[in-house]
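Taking it in order: structure first as structure tokens, then the write-up.
The values are calculated or read from the model by the stated rules, or taken from the named source; none is laboratory data. It should be emphasised that the depicted structure is a prediction, and the values quoted were computed from it without experimental measurement. Glycine gets a Cβ as well: all are built from the backbone with ideal geometry, and neighbour counts include every protein chain shown. Surface areas here come from the heavy atoms of the whole protein model, side chains and all, with no ligands, DNA or RNA. Shrake-Rupley method; radii C 1.70, N 1.55, O 1.52, S 1.80 Å.
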Amino acid sequence: MLARKSIIPEEFALPGLASRMPRKPVFRDRVNKARFIAKNGSCNLAHKNIREQGRFLQDVFTTLVDLKWRFTLVIFTMTFLCSWLLFGMGWWLVAFAHGDMDPNRESGIEQCVTNVKSFTSAFLFSIEVQVTIGFGGRMMTEQCPTAIAVLILQNIAGLIINAIMLGCIFMKTAQSHRRAETLIFSRHAIIAVRNNRLCFMLRVGDLRKSMIIGAAVRLQVVRKTTTPEGEVIPIHQIDIHTESAMTSNSIFLLAPLIICHVIDRDSPLYDLSAMELQCSDLEVIVILEGVVETTGITTQARTSYVTEEIQWGHRFVPIVNEEEGIYSVDYSKFGNTVKVATPRCSARELDEKPSILIQTLQKSELSHQNSLRKRNSMRRNNSMRKGGPMRRNNSALVVPKVQFLTPEGSQNMAVT
């Protein structure tokens, strides 16, 4: 049996009408993604399955500097102990070959090294030679050319070991990331309107009085992207420009500064609204580089901001004030922000419809005026409540009129 054909055309049926109705975009919950750069600047990256491990031994000095302190101190101690033991064995062999340890040795034959009669004494003499202590109890004579060669080799080896180990210790104590500990970033980044443009902003500061020469700030957006060919790029780095990078190559980091990125057509944040930003998985990396004024070493401080750490519609509070002829910085308010009127749409929509910004500012001004009116009315009511009983009491105290008669008795004078 054939199905009965409907009288209503298919394009006007309920499924057809529902398919043509405009649908609001559905934002799914964002999946928590591991951040690429931690807040303290460390890279969240693990290197696995490195087959050519010998490449690290080709650059021994950098490998020693990159090691942790406990491993560096163990290597430092073991290097000196092994060198003392090795040359102590050499001095013992020299004395044994010359016959200095023979108890039946004739008294007229001079020794190569005086008072070296065992391996312990040879080890102590090795320490005295390499560290140049020279207690005076043991000394080398000119009887053995082999002993002279061992002395020269030990001195050269000792100088090389001292240079490498002391240089390694110095480089570890003067590493550039130590200076970066006093370069601070705001806990949150903000997006607000500045000069009628939607901007991404953050605050940087330096806690030390010694300056960072030639400081420069770079911003990068890291996100997972897919090319039109279907290639998945898990860590796609996109450089974004700042106002300081457009005008000059460096910033003068004397006081805390607000780094501003104007969200324009070339920005990867151009198509993101406030709701879309919360659902995206992007990460903004901030890199501050410069030369330390006191040491001349290049330092780098890093941090990052994920979408949960980007506040839409906020502004940093001012922290630099002039007090008694000097400028003071209140670091207790370094990361404090206040809410400001900001359109929730994307920068693209704001460029296409400038009236959105005007309407937002008008609404903000009206709400501000209403709040001022409410505040003034509340103050007026409080003042009336406080002054009401006094007025009532004062009105109850009526001073009677007193009449005075003139001597003629024809005119009266009333005095209150």
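Neighbours of Pro318, meaning other residues whose beta-carbon lies under 13 angstrom from its beta-carbon, give a summed charge of +1 when Lys and Arg score +1 and Asp and Glu score -1. Within the accessible area of the range 40-93, the carbon and sulfur atoms contribute 66%, probe 1.4 Å, all protein chains present.
Looking at the range 52-147, the accessible area is 66 square angstrom per residue; that uses a 1.4 Å probe and ignores ligands, DNA and RNA.
Take the range 291-363 with all the other protein chains still there, run a 1.4 Å probe, and you get 61 Å² of accessible area per residue.
Taking only the Cα atoms of the range 104-169, the radius of gyration and Dmax are 14.1, 50 Å. For the range 153-309, the Kirkwood radius over C-alpha pairs fed into Stokes-Einstein at 10 °C and 1.306 mPa s yields D = 87 µm² per second. Solvent-accessible area assigned to carbon and sulfur over the range 129-273 amounts to 58 percent, based on a 1.4 Å probe.
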